[in-house]
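See below for the structure under consideration.
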Amino acid sequence: MIKAALPHALSVLTLGARAIYAGMKLLPVQKKVVLITREPRQISADFELLQESLKRKHPEHRVLVIKHNKLSPSYLGRALREMYHLATCDGCLVDGYIIPVSILNHRKDLKIGQIWHALGAIKKFGHLASGRREGLAPRVANSIRMHENYSFICASGSYTAATYAEAFGVPPEMVQPLGMPRVDYLLDDAGNAARRARILQHHPQLAHGKTVIYVPTFRRGQQVSYLELAAAFDGELGNLVMLPHPADRTPVPESNGVIIGTGDFGILDWLSVADVVITDYSAITYEATLRDIPLVFWPYDMDYYLKARGLALDYFAEVPGPIATSAAEAVSLALELEETDYNTFRSRHLNFVTNPDGSLPEENPRCADRIVDALQLR
């Protein structure tokens, strides 16, 4: 009964919010750009670089970063703050579904850009996952106008752009070849060297032996097999870093020489010390290919995941690395891998930010500047 009443309740709340917002839109527009993030811990590399670009290209504009929280009884005050800044800003960028961005009726001249929090899509999301166990029910998705009101959506490759158009439910021309700021971040060799030095200062043992980083996908209501992988790695010559998803509550083993990569370093920072990445359906795949880091895929729950969420590509044909069928095989492959050639993969999935043949560009593509220009600030 509660689920059945939810769409109606959301419709009532939406009408009330639109009425309040209509009054807010009468306020003067300010030289202000609002960045709204779903990241609960620290500002992402994408938003850091966007802030830098905005301050450099539009020094007269104020840049405001807002951390968005999910719908809850305590959200009302924060929602009013978000609505005020949307009503009075000159441009807006978001990195996920933001309630007031999608449900409100904005000024026609307000540009809203979607900087999705992943460089590509291996698993389904948005409208592609609607109706599945890990997705929203279609009626709820329609009630909250999921992923509406964007002026443009950023993509880094043609294959990903086609997926984004379906996942966001928009015409293909709305998905633009702007790349993502994290591309600038990953292709910055000096920056990577500095990040590596900072991590080694905190974890000096990583300077010796091969460092394997495990980046599993978040599974709603399911445990991640950290213990199994740690047990398989125990006694091997090397270092194992576990990078759990922020929402994952699975216990992570702290023995067997395992490093839990939380705290001051983001997932992109950890790539600066990675010799190999083990993953399953995570978009870390795309970031690793930009750093030429060998990948091993361990989709230990493929049957479950296909039913719960589904995949956005032909997994066995597209993933750019060997696929393991056990934790022991994943570890063995990770310790054996030395080099790989990602040009074919990048030429399909990252061709908006690489050379046409998939080779890495000699100059940084400056994706953050591309995105700021797309806002067409006054």
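The values are calculated or read from the model by the stated rules, or taken from the named source; none is laboratory data. Everything numeric here is computed off the predicted structure, so don't read it as measured data. Here the Cβ is made from the backbone with ideal geometry for all residues, glycine too, and neighbour counts use every protein chain on show. Each accessible area value is taken on the protein alone, full model and side chains, heavy atoms only, with ligands, DNA and RNA left out. Shrake-Rupley method; radii C 1.70, N 1.55, O 1.52, S 1.80 Å.
Determine the per residue accessible area of the chain with all protein chains present and a 1.4 angstrom probe, expressed in square angstrom.
On the way: 16900 Å² over 378 residues.
Result: 45 Å² per residue.
Distance in nm between label sites at Ala137 and Asn69, each 7 Å beyond Cα in the beta-carbon direction?
Spacing of the two 7 Å Cα→Cβ label points: 2.6 nm.
In deg cm²/dmol, rounded to 500, what helix-only [θ] at 222 nm does the chain give when every DSSP H run of at least 4 residues adds -39500 (n - 2.57) and the total is split over its residues? Could you put the intermediate results ahead of the total?
Working: 16 runs with 147 residues, N = 378.
About -11000 deg cm²/dmol.
Of all trypsin sites (Lys or Arg not before Pro) in segment 79-151, which ones are in loop regions per DSSP and have a Cβ with at most 15 other Cβ atoms within 10 Å? Write down the numbers at each step before the final one.
On the way: sites: Arg81, Arg107, Lys108, Lys111, Lys123, Lys124, Arg132, Arg133, Arg139, Arg145; in loops: Arg107, Lys108, Lys111, Lys124, Arg132, Arg133, Arg145.
Hits after loop and neighbour filter: Arg107, Lys108, Arg132, Arg133.
Would you mind pulling out the separation of the Cα centroids of segment 228-289 and segment 327-378, in Å?
What the calculation gives is 20 Å, centre to centre.
Report, to two decimal places, the Cα Rg of the chain normalised by 2.2 N^0.38 Å (N = number of residues). Don't skip to the answer; put the middle values down first.
On the way: Rg = 21.2 Å, N = 378, 2.2 N^0.38 = 21.0 Å.
For the chain, the normalised Cα radius of gyration is 1.01.
Using a Gaussian network model on the chain with a 10 Å cutoff between Cα atoms, which of Asp188, Asp264, Asp90 fluctuates the most?
Of the options given, Asp264 has the highest mean-square fluctuation.
Rounded to the nearest whole Å³, what is the per residue volume of the convex hull around the Cα atoms of segment 306-378?
Working: hull volume 12.2 nm³, N = 73.
Taking the convex hull of the Cα positions in segment 306-378, it is 168 Å³ per residue.
Pick out which of Leu54, Leu350, Leu178 has the largest mean-square fluctuation in a Gaussian network model of the chain, springs linking Cα atoms closer than 10 Å.
Greatest mean-square fluctuation among the candidates belongs to Leu54.
When the accessible area of segment 283-378 is split by element with a 1.4 Å probe, what percent falls to carbon and sulfur? Write down the numbers at each step before the final one.
On the way: 1970 of 4260 Å².
Of the solvent-accessible surface of segment 283-378, carbon and sulfur hold 46 percent.
Need one word for segment 106-220: rounded, prolate or oblate. Basis is the Cα gyration tensor (sqrt eigenvalues a ≥ b ≥ c); a/c below 1.5 gives rounded, then a/b vs b/c decides.
Values: a/c = 2.76, a/b = 1.74, b/c = 1.59.
Prolate, because a/c is 1.5 or more and a/b exceeds b/c.
Can you give the direction-averaged projected area of the convex hull of the alpha-carbon atoms in segment 202-340, in nm²?
Numbers: hull surface 32.1 nm².
Computed as one quarter of the Cα hull surface, the answer is 8.0 nm².
Please give the charge dipole size of segment 91-132, origin at the Cα centre, charges +1 on K and R Cβ atoms and -1 on D and E Cβ atoms. Round to the nearest 20 debye.
It works out to roughly 140 debye.
For helix 45-57, what angle does its Cα long axis make with the longest principal axis of the chain, in degrees from 0 to 90 and rounded to 10?
50
How would you classify segment 160-268 from its alpha-carbon gyration tensor, with a ≥ b ≥ c the square roots of the eigenvalues: rounded for a/c under 1.5, else prolate if a/b is greater than b/c, otherwise oblate? Please list the in-between numbers first.
On the way: a/c = 2.88, a/b = 1.46, b/c = 1.97.
Oblate.
Keeping the other protein chains in place, figure out the carbon and sulfur percent of the accessible area of segment 53-170, with a 1.4 Å probe. Display every interim value, and only then the final one.
Values: 2490 of 4640 Å².
Of the solvent-accessible surface of segment 53-170, carbon and sulfur hold 54 percent.
Length gain on complete extension for the stretch Val12 to Thr344, per 0.36 nm per residue less the alpha carbon to alpha carbon distance?
Stretched fully, the Val12-Thr344 segment lengthens by 114.5 nm.
What does the charge dipole of the chain about its Cα centre add up to, to the nearest 20 debye, if the Cβ of each Lys and Arg holds +1 and the Cβ of each Asp and Glu holds -1? Mind dumping the intermediate values first?
On the way: 40 positive and 41 negative charges, 505 e Å.
About 2420 debye.
Accessible area, 1.4 Å probe, largest first: how do Met146, Met174 sort?
Greatest to least solvent exposure: Met174, Met146.
Which of the residue pairs Lys25/Lys111; Lys32/Lys111; Lys124/Lys307; Lys57/Lys108; Lys31/Lys67 have a Cα-Cα distance greater than 18 Å in the structure shown?
On the way: Lys25/Lys111 15 Å; Lys32/Lys111 12 Å; Lys124/Lys307 11 Å; Lys57/Lys108 23 Å; Lys31/Lys67 20 Å.
Violating the 18 Å Cα-Cα cut-off are Lys57/Lys108; Lys31/Lys67.
Expressed in nm to one decimal, what extension gain is obtained for the pair Asn105 and Ser332 from 0.36 nm per residue of sequence separation less their Cα-Cα distance? Walk me through the intermediate numbers first.
Details: separation 227, 0.36 × 227 = 81.72 nm, distance 5.41 nm.
Roughly 76.3 nm would be gained on extension.
Evaluated at 20 °C with a viscosity of 1.002 mPa s, what Stokes-Einstein diffusion coefficient in µm²/s does segment 261-359 have when Rh comes from the Kirkwood expression over alpha-carbon pairs? Could the numbers behind the result be given before it?
Details: Rh = 14.4 Å.
So the translational diffusion coefficient is about 148 µm²/s.
If the elastic network links every pair of Cα atoms under 10 Å, which of Gly169, Gly179, Gly16 fluctuates the most in the Gaussian network model of the chain?
Gly16
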